[in-house]
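Any read-out appearing in this document is the output of simple, stated calculations on the displayed coordinates, not a laboratory observation. Computed from a prediction, not measured in an experiment: that's the story for all the values here. Positions of Cβ are backbone-derived with ideal geometry, glycine not excepted, and every protein chain shown enters the neighbour counts.
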Amino acid sequence: MAYWQDFAPPAAPPRGWQDRYAAAMPDGSRLLLPLRDLGDSAVAGLIANQASFTVLDRLVGWLAARVAPWRPEVVVGLPTLGHAVAAALARALGHPHWAPAGFSRKLWYQESLSVPVTSITSPGSGRRLWLDPRLLERLAGRRVLLVDDVVSTGTSLRAGLHLLDTAGIAPVGVGVLMLQGDRWRAAPAPWPPLAGVFATPLFARTTEGWQEIPGTAPHDLCA
């Protein structure tokens with residue numbers, strides 16, 4: 001089965017995972033994800049804009065149900081993969097639009113509405129996260145939800161929270177599809193309320209393949 005193209009029925013886990021991981025979904029089904037080798041450890045990867053519409057729509061539907069009690073009025077999506085999630089989530093919540101943050105600067109953007117950003121998959125320095133000043137009137141005084149595809153170390157979401165703070169916006173919460181391990185919990189407090197659809201652990205290399213590291217997949221998907 002190809003990655004993130006369909007859901008598989010429940011199955012017993014193997015003694016060791018090799019190059020892929022079958023992540024458990026809220027309904028008990030499984031979603032096939034590649035394992036990204038980081039040396040002595042690995043993480044399960046999700047690329048939202050490569051997922052089938054069937055998979056993305058169901059993941060977004062689960063996320064919409066989790067964040068609906070916060071009564072968000074505007075969804076702000078982080079680039080790049082968070083854009084696929086945020087746009088679909090805004091539609092699922094019945095919103096007329098959404099608001100994208102971006103990595104590229106347009107001529108009318110302001111330096112004061114930008115912050116530096118790094119991530120586990122794009123660790124290089126010098127990149128900045130920007131907010132179009134023309135979006136501010138959509139966000140002012142509204143219940144804003146910040147959205148990304150995955151939270152791993154928390155650095156990308158922290159940059160997004162910092163960007164919203166520079167615009168005078170305190171989001172009602174953060175929504176993601178996947179909680180990738182538990183390293184994000186070590187990010188400087190406080191976090192706003194955070195909701196995810198499913199969690200994957202960190203993995204350690206063994207002679208039988210990759211083994212899940214106990215306690216690294218959060219059980220509480222609304223933190």
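Structural remarks
- For the stretch 128-136, backbone phi angles converted through the Karplus equation (6.51, -1.76, 1.60; θ = phi - 60°) give residue-by-residue couplings of 10, 9, 10, 10, 5, x, 6, 8, 4 Hz, Gly and Pro being listed as x.
- Length added when fully stretched, ARG183-GLU208, from 0.36 nm per residue minus Cα-Cα: 6.5 nm
- The listed peptides 132-141, 44-53, ordered by packing as a protection proxy, come out as 44-53, 132-141 (highest mean of other Cβ atoms within 10 Å first).
- Between GLN110 and SER41, the simple label model (points 7 Å from Cα in the Cβ direction) yields a spacing of 3.9 nm.
- Loop-located trypsin sites (Lys or Arg not before Pro) in the stretch 55-119 whose Cβ has at most 14 other Cβ within 10 Å (DSSP): ARG105, LYS106
- GNM top mover of LEU161, LEU107, LEU31 - the chain, alpha-carbon springs below 10 Å: LEU107
- Structural descriptor for the chain: relative contact order 21 percent, calculated from alpha carbon pairs under 8 angstrom and at least 6 residues apart.
- Between TYR3 and HIS219, the contour length at 0.36 nm per residue exceeds the alpha carbon distance by 75.4 nm.
- Under-5 Å amide H pairs with GLY209, H placed in peptide plane, nonlocal only: none
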